[in-house]
């Protein structure tokens with residue numbers, strides 16, 4: 001799990017790593033609004049949280065994989081595009097190095 005305000009720079013030319021990311025676009029900030037009683041409130045809600053987790057697990061097992069949330073589709077597409085450009089540039093530079101080596 002990576003929690004970040006920005007996607008870290010990766011040197012993976014294949015794009016395989018970013019293809020495995022599940023992006024979560026979080027739009028609410030609780031900075032300065034922290035709930036110091038949150039733990040106690042959540043303890044009271046544990047049975048409902050457990051039930052939701054079981055429903056989520058059943059859904060995951062039925063699908064066989066995690067789904068990219070709709071809210072993050074644009075983020076995912078942007079990074080897939082970015083890495084496809086990186087792959088293309090890598091292939092082009094590799095071809096140039098090989099071509100230059102053959103001519104030498």
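The values are calculated or read from the model by the stated rules, or taken from the named source; none is laboratory data. Predicted model, so just to flag it, every value in this text is computed and none were measured. So basically every Cβ, Gly included, is an ideal-geometry build from the backbone, and we count neighbours across all protein chains shown.
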### Task
State whether the residues of the stretch 51-66 include one that is under 23 Å from the mean Cα position of the chain (by Cα) and at pLDDT below 90.
yes
### Task
Looking only at the stretch 2-18, count how many residues are at pLDDT below 70 and part of a helix (DSSP H, G or I).
1
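Count, please, the residues in the stretch 22-58 that happen to be part of a loop (DSSP other than H, G, I, E, B) and closer than 26 Å to residue 5 by Cβ.
Step one: filter the stretch 22-58 for residues part of a loop (DSSP other than H, G, I, E, B), giving 22-37, 45.
Filter once more, so that each one left must be closer than 26 Å to residue 5 by Cβ: 22-36.
Adding up the residues that qualify gives 15.
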